[in-house]
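Written out below as structure tokens is the structure these notes cover.
We did not get these values from a lab; they are worked out from the coordinates using the rules stated. Predicted, not measured: the structure shown is a model, and the values here were computed from it. All Cβ positions, even for glycine, are placed from backbone atoms using ideal geometry, and neighbour counts span all protein chains on display.
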Amino acid sequence: MSDATNGKIQTLLERAARQSDSATPGSSSIAKATRPFSTAEEAEKAFPLLRNRLFHIGHWNDYSEISSFALFDNNGKLQQDKLAAVGDFIKVKLPGSGKDDWIKIVEINESPNEIILTVQPSHDPTDEKDKQATSHFFTRGSTNNFCLQRAAAKINFYVIGLNEQTNTEETSGILESARNLATANLGYFLGIQKTQWETFCRNFLEFEEGEKVKE
């Protein structure tokens, strides 16, 4: 993990804003939630708990109202209780989309006040026959960035999508290309509509008083 992250979330937000105003192919999306605390000290104490949540992807289902998530290692083996690492895969199941979508963790950046987990569409690691096809409705050039940020007495959580382009060529066939086009045109990105990502962000930042960080 890199520890040179301070300010990188702001850079991602600026890139997303520029991309949304650009006429070039690919779009961006931003979902955000903020949790205020009484003091900066309280926010500092809560940050490790939320960091732990970010890396326990096998438990993201607790914060999602539609999609489900499952973590797999680079050998395609289910690892629900494993802490996420670069090279791991995430299976995203969106009801009604016709198939599972796969993303891969390609980068993790961390500093005392910012954490960024970056994923890209990928092949299905459980499919031994086809490692070239992108098993997702967006191309491998798109990314989703899960960003946890502590700023004084508040904590922000962002899901920032960049370079979102419909995958109609990196697929295993015509039927999947048609499915990807239909799914993307419904406004979905990496398994959840933007409104659902916003719900995910809000739920992610909620926890009961006295809740402890998982070891």
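Within 10 Å of each residue's Cβ, count the other Cβ atoms and sort THR195, THR126, THR139, THR11 from fewest upward. Please report the intermediate quantities before stating the final value.
Working: THR195 12, THR126 15, THR139 21, THR11 9.
Going from sparsest to densest Cβ surroundings: THR11, THR195, THR126, THR139.
What is the fewest-to-most order of LYS77, LYS154 by other Cβ atoms lying within 10 Å of their Cβ? The partial results should precede the final answer.
Working: LYS77 12, LYS154 15.
Final ranking by Cβ density, sparse to dense: LYS77, LYS154.
If you place +1 on the Cβ of every Lys and Arg, -1 on the Cβ of every Asp and Glu, and leave all else neutral, what size is the dipole of segment 36-100 about its Cα centre, to the nearest 20 Debye?
On the way: 8 positive and 9 negative charges, 62 e Å.
So the magnitude is around 300 debye.
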*If each residue's Cβ is checked for other Cβ atoms within 10 Å, how do SER64, SER38 rank with the fewest at the top?*
SER38, SER64
